[in-house]
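We did not get these values from a lab; they are worked out from the coordinates using the rules stated. These numbers come from a predicted model, not from an experiment. In this analysis, Cβ positions are derived from the backbone assuming ideal geometry, glycine residues included, and neighbour counts consider all displayed protein chains.
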8 protein chains.
Amino acid sequence: MNAPASSAAPVVGVIMGSSSDWEVMQHAVSMLNDFGVACETRVVSAHRMPLDMAEYGAAAAGRGLRAVIAGAGGAAHLPGMMAALTEVPVFGVPVPSRYLRGEDSLLSIVQMPKGVPVATFAIGEAGAANAALHVIANLATTDVALREKLKAFRARQTEAARAMKVPL
Amino acid sequence: MNAPASSAAPVVGVIMGSSSDWEVMQHAVSMLNDFGVACETRVVSAHRMPLDMAEYGAAAAGRGLRAVIAGAGGAAHLPGMMAALTEVPVFGVPVPSRYLRGEDSLLSIVQMPKGVPVATFAIGEAGAANAALHVIANLATTDVALREKLKAFRARQTEAARAMKVPL
Amino acid sequence: MNAPASSAAPVVGVIMGSSSDWEVMQHAVSMLNDFGVACETRVVSAHRMPLDMAEYGAAAAGRGLRAVIAGAGGAAHLPGMMAALTEVPVFGVPVPSRYLRGEDSLLSIVQMPKGVPVATFAIGEAGAANAALHVIANLATTDVALREKLKAFRARQTEAARAMKVPL
Amino acid sequence: MNAPASSAAPVVGVIMGSSSDWEVMQHAVSMLNDFGVACETRVVSAHRMPLDMAEYGAAAAGRGLRAVIAGAGGAAHLPGMMAALTEVPVFGVPVPSRYLRGEDSLLSIVQMPKGVPVATFAIGEAGAANAALHVIANLATTDVALREKLKAFRARQTEAARAMKVPL
Amino acid sequence: MNAPASSAAPVVGVIMGSSSDWEVMQHAVSMLNDFGVACETRVVSAHRMPLDMAEYGAAAAGRGLRAVIAGAGGAAHLPGMMAALTEVPVFGVPVPSRYLRGEDSLLSIVQMPKGVPVATFAIGEAGAANAALHVIANLATTDVALREKLKAFRARQTEAARAMKVPL
Amino acid sequence: MNAPASSAAPVVGVIMGSSSDWEVMQHAVSMLNDFGVACETRVVSAHRMPLDMAEYGAAAAGRGLRAVIAGAGGAAHLPGMMAALTEVPVFGVPVPSRYLRGEDSLLSIVQMPKGVPVATFAIGEAGAANAALHVIANLATTDVALREKLKAFRARQTEAARAMKVPL
Amino acid sequence: MNAPASSAAPVVGVIMGSSSDWEVMQHAVSMLNDFGVACETRVVSAHRMPLDMAEYGAAAAGRGLRAVIAGAGGAAHLPGMMAALTEVPVFGVPVPSRYLRGEDSLLSIVQMPKGVPVATFAIGEAGAANAALHVIANLATTDVALREKLKAFRARQTEAARAMKVPL
Amino acid sequence: MNAPASSAAPVVGVIMGSSSDWEVMQHAVSMLNDFGVACETRVVSAHRMPLDMAEYGAAAAGRGLRAVIAGAGGAAHLPGMMAALTEVPVFGVPVPSRYLRGEDSLLSIVQMPKGVPVATFAIGEAGAANAALHVIANLATTDVALREKLKAFRARQTEAARAMKVPL
């Protein structure tokens, strides 16, 4: 396992099906880092490491994780399987696939049956960043300092949009 | 506004674009009730009541809501706009549309730009129930009793699946 | 707000969700300029500036706007929300999205529910130019000079098509 | 040609490719009638009556039409061809098709090339009603009384949405 | 576990995510029975019984299974996960889903990453029957009697098609 | 083989993959009968009768067929294979499939590689009738009487469309 | 009009909506030239030159055309409208569109209503070449020399395929 | 025919519709070679060499083939037709097509009717490799040495995934 991104005990696990997913998933880690939310990052392949995946799920709650962000592409089973393996809430990121551009990833993640939810976000980089932001918003409901950071982030984001000019 | 579904102050708002969405969205309310999570239920149309929607969003955090579950169909803007209006995390449910069966609803909800996330679930009844379950899982990360309820629910669900027989 | 594209009071507002939409939306502004229809151009993000958007909508009619052209991509909520916020007619342009090439943008804009219309055009540059042309055609129904300009434009367009040769 | 829906000279032409489209297109006529906007209704098949279609287009402006609402299904060419034949603005309604539920109709109408716009609305009944509402909104920009009617309609619509209760 | 469909030790496991998949999956069992290929039938939910699924996969080869036919719908993870859990070849059947008619099921099953294959068949009943026929064809490559049965089945099928008349 | 639909030597072969395709394909036969074009009708399954199909193709030209209309659904290979087997022009009809409503049929028929064309028509009944009409139009280029019939048919069709009224 | 591609009176008209379609449509002209079938080539825009299109259709039969090959992209109306304007058979080629890669073009061309057929071919270059080949096959049914050329072409094509080696 | 990839009598035939499919299909051959499974490789075009295809199918079983891997793109008929022509099990690989990226290939291969199965894999390179792996898994059910190789391959694959690090 890679070292946690910060020295604090991780409260968020960011997992992905392959190291090739990192280009997308780094946007989740980057956002968590910006907010000072301790996370760990790990490749957990549902199809090539199913037992490791099961162990990861079984240990997630006990290790103090309060969210798992899982990214995968194509027949993307990692988010849904992780949701089956732990009661810790799972946030899924559809990684764009080579030929179907993530339509397969999206449907494989979002169309979960009743009883085992995966919170799903947009295909690609935006989805990875937003999964992290949603985790932060959930954590912020019981963390005043984080909520203030989130509100400040959103205020800055609004100001940045307001400052946008088109190059007439 | 409809009365809260329980006498406790609601911690979850369940909103939808039209009363015709109730057939789907009742599955969210029913799940929250099963877990004893106090919620309120309200029709908030993004397109016909945009200012009410803005007020709802502005007041959500202050009123103690820790999650908003929003369902809509077609060009489904309610979940994304609510996410723009409050830092309370928003959980979106794509309601099936008449001709495109919810493909339009799903894309309108899940494909949010970086910075304003909506946690999206499956089209229809399963998605509504799962949005509630995901909210519960988030709440359960800081509520031991709720976590036990969730674990019990999942254990019963596993037993029910194990008991399934096919009619040979 | 950017200065109006001409010194006359703008009769058309051209808005977009991000400055990155300009590459597409400039085709609307360019067409309006060609016809001498005064317009203003502004970034109004539905998701990052929802209150500014509401103000823009509330003021649109009073400021003399007779049309709003709104472009957005992905979960494209700006056109539909603007249509909810003003009785000024709204013309929507689906901006191509990174992975789904604007299919999400198109459905998010065109599939509006009964009661709140958005006139929708083709994905991308052609749609932006055509939104402007449709606005011009509407204005021309009560503006003889503009109608003559439009007829001349169409006649030139016909001549240009007639003059096309294939390089045998 | 069917008689105009009101005794006044029609300002809107509502045309459709077949009488079987009436089930959808009546929602446009009904809306225009509610607003007292005089319209005529006619079957004009692009494929079976192309010369009549051309005549209709050639005469539209001279007859005082300020908008043409055109509905068609499948390979839906009527709206786009009408837009080619008159400078009067055309509003297209994708009528649901038997097997592809209007996806073909939508793409055939909305994806017009640069230079010849069709304002496109949702598939089916909602789209027909909204095409009419958009025409009304355009007419209302130079008709104070109609604008007041439109604002009243929108206010009533908002009230109706506000009054919606879910059957808890 | 349901009793094997015949008294012989099963060589094929037919599993499905829910008893509601039986309507489709019975076509696989029926075909195996017709050929006298011993099979067992069991509900194994990837999402509600992940550990049972892992056990099933771990034991499959040792128990003498030479093929696993797995059917599931929506975010259909059972076939791919079973393929991850055993070297016994897995044959996947996309069960039609409520709103997307099995498009989600198909993509979730067929788009497996390099290294972990699932042989995928048509959506629904035809796919279930064909998964069984393909298993039979594989078994027949080392079983002369079964190959003769298969050839006879195909010959009868050809004769039945040849005998088809249209009701002129 | 079914008897030819008329006593004259057939000039058109109407073939289909299964007798269940007749509900759609009868619209081709009916149109040919209306024009007095002699045809034969036969079930030729590409997948269950491949050698019969090859024989049919090999004999088509010598038997005097000037067109083959082929209908099939799902993975619809009959039209394309017939086009591979004879230089007689092939006209393909996508028969609606159970779950994908003919989208699979359409793509399987129309997307032929360079060198082996299939003229493809709309999904379902309209496509079957139109395949026959296109065959008739081709035959009519060297048959004055048939051309007159075709012109009369089209004139009647135009009159029928002109006579359509909407039930105001 | 461009000069005919050969000095003989053209029997095939190859038309397209814009000179930008030439990159695709040249594959039709090239094939016709290879077979010595006289054709003319012309840009006829349905949307920018609707009256020229009507004239082209009205004159087609009288000028001796026995087929019209029409290519267009996006909301591709040229093939269907030409089919409405002449009894000469029309062969449609879906030109790839910028964002939807020709899916819109395909549906706009193939989904014609009963009564007005367009023979449709694959998206892009293969479709253009195949439209020409299908025209040739139709002409060859009454032209022995052309039929021999077609059979020779097909035989050479078969030989070329047989000669293909993979670079092991 | 190309020489077998190894000197042993081939047990797997790898065929494809064109030499241009080799870029994808080489991943099947490479995998078979890695496992020491003797295969032959050949271009067999369903549409340009239908009789050669029929011969290939007729001889497959007698020549000792225990599996045929068939790749094709667009209207991909080779896998399904081969399945119609031999009782040897067929494994289909959807080769990406130019404009529709293999969606057409996938549906043309997977949606086979009841009675004639094609085991289908992912679009492109992953699908080619996986078709080979699935063949190997089937062969391994009666070949202890091959099963050991397969288990070793899977174990190495698991280790490789476990060793993946993200570049924090």
Q.
Exactly one condition in (1) facing another protein chain (nearest Cβ under 7 Å); (2) assigned to a helix (DSSP H, G or I); (3) out of contact with any Lys or Arg (no Cβ under 8 Å at 6 or more places or on another chain) is false for F:L168; which is it?
A. (2)
Q) Do we have H:E148 as more than 7 Å from every other protein chain (Cβ to nearest Cβ), surrounded by fewer than 24 Cβ atoms within 10 Å (Cβ to Cβ), free of Cβ contacts under 8 Å to residues at least 60 places away in the same chain and not hydrophobic (A, V, I, L, M, F, W, C) here? A) yes
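In the list B:V90, B:V110, B:V116, B:V95, which residue meets the criterion of being farther than 16 Å from A:F121 by Cβ, surrounded by 24 or more Cβ atoms within 10 Å (Cβ to Cβ) and among the β-branched types (V, I, T)?
B:V95
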**Q.** Single condition C:V110 does not satisfy, out of (1) closer than 20 Å to B:S97 by Cβ; (2) under 10 Å from the mean Cα position of the chain (by Cα)
**A.** (2)
Q: Looking only at region G:87-95, decide whether some residue is over 21 Å from F:E103 (Cα atoms), away from chain F (no Cβ under 11 Å) and not in a helix (DSSP H, G or I).
A: no
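Condition check ((1) within 24 Å of F:Q157 (Cα to Cα); (2) touching a Lys or Arg at 6+ places or on another chain (Cβ under 6 Å)) across all residues:
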| site | (1), (2) |
| --- | --- |
| D:V11 | no, yes |
| D:S19 | yes, no |
| D:E23 | yes, no |
| D:S30 | no, no |
| D:N33 | no, no |
| D:V43 | yes, no |
| D:Y56 | yes, no |
Q) Only one residue in E:G62, E:G80, E:G71 is of a type outside the set (A, V, I, L, M, F, W, C) and in a strand (DSSP E or B), so which one is that? A) E:G71
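Given the criterion surrounded by 24 or more Cβ atoms within 10 Å (Cβ to Cβ), more than 19 Å from B:A54 (Cα to Cα), of a type outside the set (D, E) and more than 9 Å from chain A (Cβ to nearest Cβ), identify the matching residue among B:G102, B:G80.
On the way: B:G80 fails: more than 19 Å from B:A54 (Cα to Cα).
Result of the check over B:G102, B:G80: B:G102.
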Q: Find all pairs meeting these conditions: Cβ atoms under 6 angstrom apart; at least six residues apart or on different chains; first residue within region C:28-45 and in contact (Cβ under 8 Å) with a residue 24 or more places away in the chain and under 24 Å from C:A76 (Cβ atoms); second residue of a type in the set (V, I, T) and assigned to a loop (DSSP other than H, G, I, E, B).
A: C:T41/A:V166
(Q) Being of a type in the set (A, V, I, L, M) and crowded, with 24+ Cβ neighbours inside 10 Å is true for just one of F:A155, F:A128. Which residue is that? (A) F:A128
Q) Restricting the search to region F:114-138, which residues are more than 18 Å from F:T41 (Cβ to Cβ) and part of a helix (DSSP H, G or I)? A) F:A126, F:A137, F:N138
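Being more than 7 Å from every other protein chain (Cβ to nearest Cβ), free of Cβ contacts under 8 Å to residues at least 60 places away in the same chain and either touching a His at 6+ places or on another chain (Cβ under 6 Å) or part of a helix (DSSP H, G or I) (or both) is the filter here, so list the residues in region H:151-165 that pass it. Give the steps one after another, and end with the answer.
Applying the first criterion (more than 7 Å from every other protein chain (Cβ to nearest Cβ)) to region H:151-165 yields H:152-153, H:155-156, H:159-160, H:163.
Cutting the leftovers down to free of Cβ contacts under 8 Å to residues at least 60 places away in the same chain gives us H:152, H:155-156, H:159-160, H:163.
Result: H:A152, H:A155, H:R156, H:E159, H:A160.
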Q | Residue tally, condition under 13 Å from the mean Cα position of the chain (by Cα), within 10 Å of chain B (Cβ to nearest Cβ) and among the small types (G, A, S), over region E:9-35 | A | 1
Q. Restricting to region H:44-69, what's the tally of residues that are within 17 Å of the chain's Cα centre (by Cα) and over 15 Å from F:M53 (Cβ atoms)?
A. 11
Q. Somewhere in region A:105-124, is a residue facing chain B (nearest Cβ under 7 Å) and in contact (Cβ under 8 Å) with a residue 40 or more places away in the chain?
A. yes
Q: For A:D21, state whether it is free of Cβ contacts under 8 Å to residues at least 60 places away in the same chain, under 30 Å from H:K151 (Cα atoms) and of a type in the set (D, E).
A: no
Q.
Looking at E:A160, E:A137, can you tell me which residue is of a type outside the set (D, E) and either within 11 Å of the chain's Cα centre (by Cα) or surrounded by fewer than 24 Cβ atoms within 10 Å (Cβ to Cβ) (or both)?
A. E:A160
Q. List the pairs whose first member sits in region B:48-59 and is facing another protein chain (nearest Cβ under 7 Å), whose second member is surrounded by 22 or more Cβ atoms within 10 Å (Cβ to Cβ) and polar (S, T, N, Q), and whose Cβ atoms are under 6 Å apart, counting only residues at least 6 apart or on separate chains?
A. none
